[in-house]
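The values are calculated or read from the model by the stated rules, or taken from the named source; none is laboratory data. Quick caveat: nothing in here was measured; it's all calculated off a predicted structure. Cβ placement follows ideal geometry from the backbone for every residue including glycine, while neighbour counts extend to all protein chains displayed.
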Amino acid sequence: MTATFLFLATSCNFEDVSSPKPDPPEPDPPADTVGTVAPDGILEAVTWNLEWFGTGNSNPDNFGPDNEQLQLSNALLVIDSLKADLYGFQEINNKAWLDSLTSRMEGFSGIIADHITYNQRTAFVYNTRNITPISAGPITEFQDEDEWAGRFPFFFRFEYKRDDNETDPLQIYAVVIHAKAGADQDDYNRRVPAAESLHTFLTRNQPDANIIFLGDYNDDVDESIYRGEITPYLPFVEDEENFFVITKSLSEEMQSTTVGFPDAVDHITVSNELEPFFIPDSETALVPTDDFINDYGETTSDHYPVIARFDIRR
């Protein structure tokens, strides 16, 4: 990027203290442990809203799948099919439920955004064979908590090991968001300044970073879900010198990223530093068929995982 400013971010200790931690259930039907993902120099990055994961019938409004065990099993099936290195999750109940995933994923670990004080936390899960954590925490500078609906963006700085002989790993700055939901004017009016403030933070504080900005944007990037207004993410879309909105192609192809909603609202954006590593046409939304996961929308999530791939060996 073109600006030059000092980096400032708040760290967190990843300890969830704000909500009950029920024991994670065993998958039903039993699911095999997700196998290791061998380092190959290709970084697969996924954003996935797991719809009230780990909440089930304990949610007073009864949102999300009722059968928590089946939701866990199905999530593992999808993860095993993706074989990705980095996952940015949304709507994780708490650390115990994040651990219920990672404990069944060989060679993976996870960190959760404990600055989010209710049961829609964001989180990162990463392949420990090629990703080494450096730091993580909420992004609060320039940000307004209400505009983010209480869910400040969550960053994860890490080193990616390009191959077995690599002595100079690539440092990457990942950001996962869960923007304000809803299609009315108030929701839109909160997403617009939130996106602008994040763009300001990244361009000023991370001017030369390899950024991947992924998550549930809760809006489209060609035009808004609110009456076709200008997309809230216009600062990223128009700033082609500094950013590339990879999944804008899904919007242009009218590929939905949710169950029963026509727009793409789950997206992946990268900085110009990371763009050369992107593998063209690798971006897609995984839409499970009934012969893979029966009744996916009722049993697993109302969002599809969205993936993009990067050849870091270049």
Quiz item: Within the range 110-158, how many residues turn out to be over 18 Å from Gln171 (Cβ atoms), in contact with a strand residue (DSSP E or B) (Cβ under 8 Å, 6 or more places away or on another chain) and among the polar types (S, T, N, Q)?
Solution: 3
Practice problem: Determine whether Ile177 is in a loop (DSSP other than H, G, I, E, B), among the aliphatic types (A, V, I, L, M) and surrounded by 15 or more Cβ atoms within 10 Å (Cβ to Cβ). | Solution: no
Exercise. Identify, by number, the condition in (1) part of a loop (DSSP other than H, G, I, E, B); (2) within 21 Å of Ile116 (Cα to Cα); (3) out of contact with any helix residue (DSSP H, G or I) (no Cβ under 8 Å at 6 or more places or on another chain) that Asp187 doesn't meet.
Key: (1)
Quiz item: Here are some conditions: (1) under 20 Å from Ile268 (Cβ atoms); (2) of a type in the set (D, E, K, R); (3) assigned to a loop (DSSP other than H, G, I, E, B). Arg157 meets all but one. Which one does it not meet?
Solution: (3)
Practice problem: Restricting attention to the range 293-314, report how many residues are under 17 Å from Asp80 (Cα atoms) and among the aromatic types (Phe, Trp, Tyr). | Solution: 2
Quiz item: Here is a list of conditions, (1) more than 25 Å from His199 (Cβ to Cβ); (2) without any contact (Cβ under 8 Å) to a residue 60 or more places away in the chain, and Pro288 meets all of them except one; can you say which number that is?
Solution: (2)
Quiz item: Which number in (1) among the hydrophobic types (A, V, I, L, M, F, W, C); (2) in contact (Cβ under 8 Å) with a residue 60 or more places away in the chain; (3) surrounded by 17 or more Cβ atoms within 10 Å (Cβ to Cβ); (4) farther than 22 Å from Glu51 by Cα marks the one condition that Val192 misses?
Solution: (2)
Self-check item: Whichever residue in the range 147-162 is buried (at least 23 other Cβ atoms within 10 Å of the Cβ) and not aromatic (Phe, Trp, Tyr) and, among such residues, is farthest from Tyr188 (Cα to Cα)
Solution: Pro153
Quiz item: Could you count how many residues in the range 285-314 are surrounded by fewer than 17 Cβ atoms within 10 Å (Cβ to Cβ) and in contact with a strand residue (DSSP E or B) (Cβ under 7 Å, 6 or more places away or on another chain)?
Solution: 2
Quiz item: Quick one: would you say Ser256 is touching a residue at least 60 places away in the same chain (Cβ under 8 Å) and part of a loop (DSSP other than H, G, I, E, B)?
Solution: no
Quiz item: Any residue at all in the range 98-115 that is farther than 23 Å from Phe53 by Cα and surrounded by 21 or more Cβ atoms within 10 Å (Cβ to Cβ)?
Solution: no
Practice problem: Could you list, in sequence order, all residues of the range 272-296 that are in contact with a Ser or Thr (Cβ under 9 Å, 6 or more places away or on another chain) and among the small types (Gly, Ala, Ser)? | Solution: Ala285
Practice problem: Scan the range 98-117 and report the pairs whose first residue is under 14 Å from Tyr87 (Cα atoms) and whose second residue is among the small types (Gly, Ala, Ser) and surrounded by fewer than 19 Cβ atoms within 10 Å (Cβ to Cβ), with Cβ atoms within less than 9 Å and a gap of 6+ or a chain change. | Solution: Thr102/Ser109; Met105/Gly35; Gly107/Gly35
Quiz prompt | Checking Thr269 against (1) assigned to a loop (DSSP other than H, G, I, E, B); (2) among the hydroxyl-bearing types (Ser, Thr, Tyr); (3) surrounded by 18 or more Cβ atoms within 10 Å (Cβ to Cβ), the condition it does not meet | solution = (1)
Practice problem: Any chance you could count how many residues in the range 226-253 are in a loop (DSSP other than H, G, I, E, B) and surrounded by fewer than 23 Cβ atoms within 10 Å (Cβ to Cβ)? | Solution: 10
Practice problem: Only one of these is of a type in the set (S, T, N, Q), crowded, with 18+ Cβ neighbours inside 10 Å, under 20 Å from Asn272 (Cα atoms) and more than 20 Å from the chain's Cα centre (by Cα): Asn210, Asn205. Name it. | Solution: Asn205
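For every residue, the table says whether it meets (1) under 21 Å from the mean Cα position of the chain (by Cα); (2) at pLDDT below 95; (3) in a helix (DSSP H, G or I).
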| residue | (1), (2), (3) |
| --- | --- |
| Pro20 | no, yes, no |
| Asp23 | no, yes, no |
| Asp32 | no, yes, no |
| Thr47 | yes, no, no |
| Leu70 | no, yes, yes |
